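Engineer: Handing you a structure now.
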Amino acid sequence: MLPPIVQAGDPVLRRPAEAVAPERIATAAFRELIDQMVGAMRAAPGVGLAAPQIGVPLRVLVVEDTEERMAALSPEARASRGRRPVALKVIVNPELEVVGGVRATFFEGCLSVRGYVALVERAREVVVRGLDREGRPLAWQVEGWPARILQHEVDHLDGTLYVDRMHARSLCQEGELKRWSNRSPEDVFAELVGAATLRPR
Ligand code: ZN
């Protein structure tokens with residue numbers, strides 16, 4: 001049985017999660033938690049999940065992206081996002097550091113805010129350090145979409161949701177995303193975010 005993904009409004013999504021004691025990583029209970037997170041992410045389907053999203057207030061995240069999950073994107077949209085397959089990664093007690101000053105703005109959504117997406121500005125490149133599922137030190141420097149996923153998931157561990165960072169006027173019901181998913185963020189800005197400030201002709 002997979003755990004349900006908790007939705008915005010549940011306070012577990014708004015509290016900072018606790019660090020995992022390293023000696024706990026080898027326990028059967030912790031392995032079960034990882035399996036449940038991976039199962040819930042794949043079933044959703046999603047490209048990342050943080051433990052609070054299944055109601056567990058611990059600093060653990062999982063990331064995985066596949067060709068199948070990016071199939072709707074044009075080659076150009078894929079390239080601009082830096083989206084590419086990522087083999088499953090489990091990161092315990094992640095610490096995130098931004099690399100360089102380049103920012104990128106794209107639509108993102110959240111399995112805990114079902115049905116909506118919005119434009120969110122994130123760092124283009126990050127390095128994450130933590131422990132893997134065996135408790136070994138891990139460091140991963142990455143740019144593009146995986147860097148966005150990491151920032152989104154680490155935010156969850158601090159009680160932050162993308163809606164706290166989004167351009168509020170870009171909020172889209174998921175069914176409307178097909179209008180925008182293969183267009184540039186600049187176009188979306190002009191038509192949604194900046195629409196009220198454009199002078200009528
Ligand atoms: Zn999320």
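Engineer: Only residues in region 39-50 that are at negative phi and assigned to a helix (DSSP H, G or I) count as the first member; pair them with residues that are open to solvent by 10 Å² or more (accessible area, probe 1.4 Å) and away from the ligand (no atom under 13 Å from the Cβ), Cβ under 7 angstrom, at least 6 apart or cross-chain, and list the lot.
Structural biologist: Close Cβ pairs satisfying both conditions: Gly39/Leu2; Ala40/Leu2; Ala40/Pro3; Met41/Glu64; Ala43/Leu2.
Engineer: What strands (runs of 3 or more DSSP E) lie completely within region 88-136 and have 1 or more residues being under 20 Å from Val12 (Cα atoms) and not aromatic (Phe, Trp, Tyr)?
Structural biologist: On the way: elements: 103-109, 116-123, 125-131.
Of the strands (runs of 3 or more DSSP E) lying wholly inside region 88-136, those with at least 1 residues that are under 20 Å from Val12 (Cα atoms) and not aromatic (Phe, Trp, Tyr) span 103-109.
Engineer: Kindly indicate which of Trp145, Trp140 is open to solvent by 20 Å² or more (accessible area, probe 1.4 Å) and touching a Gly at 6+ places or on another chain (Cβ under 8 Å).
Structural biologist: Working: Trp140 fails: touching a Gly at 6+ places or on another chain (Cβ under 8 Å).
None of the other options fit; the residue is Trp145.
Engineer: Asp155 passes all but one of (1) under 14 Å from Thr105 (Cβ atoms); (2) within 16 Å of the ligand (Cβ to nearest atom); (3) open to solvent by 10 Å² or more (accessible area, probe 1.4 Å); which number fails?
Structural biologist: Failed condition: (1).
Engineer: Of the residues Gln7, Gln36, Gln53, only one is assigned to a loop (DSSP other than H, G, I, E, B), modelled with pLDDT of 95 or more and of a type outside the set (Phe, Trp, Tyr); which?
Structural biologist: Details: Gln36 fails: assigned to a loop (DSSP other than H, G, I, E, B); Gln53 fails: assigned to a loop (DSSP other than H, G, I, E, B).
From the options Gln7, Gln36, Gln53, the qualifying one is Gln7.
Results for (1) out of contact with any Ser or Thr (no Cβ under 7 Å at 6 or more places or on another chain); (2) surrounded by fewer than 17 Cβ atoms within 10 Å (Cβ to Cβ); (3) closer than 23 Å to Pro16 by Cβ, shown as yes or no for each residue.
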residue	(1), (2), (3)
Val102	yes, yes, no
Val113	yes, no, yes
Pro185	no, no, no
Phe189	yes, yes, no
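Engineer: Within the set of pairs 6+ apart or on separate chains, which have a first residue in region 98-118 that is farther than 23 Å from Met41 by Cβ, a second that is exposed (fewer than 12 other Cβ atoms within 10 Å of the Cβ) and of a type in the set (Val, Ile, Thr), and C-beta atoms under 7 Å apart?
Structural biologist: Qualifying pairs under 7 Å: none.
Engineer: Give me a count of the residues in region 21-70 that are among the aliphatic types (A, V, I, L, M), surrounded by 13 or more Cβ atoms within 10 Å (Cβ to Cβ) and more than 15 Å from the ligand (Cβ to nearest atom). First the steps, then the outcome.
Structural biologist: First, pick out the residues of region 21-70 that are among the aliphatic types (A, V, I, L, M): 21, 25-26, 28-29, 33-34, 37-38, 40-41, 43-44, 47, 49-51, 54, 56, 58, 60-63, 70.
When the remaining residues are screened for being surrounded by 13 or more Cβ atoms within 10 Å (Cβ to Cβ), the result is 25, 33-34, 37-38, 40-41, 44, 47, 49-51, 54, 56, 58, 60-63, 70.
Next, only the ones that are more than 15 Å from the ligand (Cβ to nearest atom) stay: 25, 33-34, 38, 58, 70.
Summing the residues that are among the aliphatic types (A, V, I, L, M), surrounded by 13 or more Cβ atoms within 10 Å (Cβ to Cβ) and more than 15 Å from the ligand (Cβ to nearest atom) in region 21-70 gives 6.
The values are calculated or read from the model by the stated rules, or taken from the named source; none is laboratory data. Keep in mind the model is a prediction, meaning the values are calculated, not measured. For neighbour counting, all protein chains shown are included, and Cβ atoms are generated from backbone atoms with ideal geometry for every residue, glycine included. Heavy atoms of the whole protein, side chains included, go into the accessibility calculation; ligands, DNA and RNA do not. Shrake-Rupley method; radii C 1.70, N 1.55, O 1.52, S 1.80 Å.
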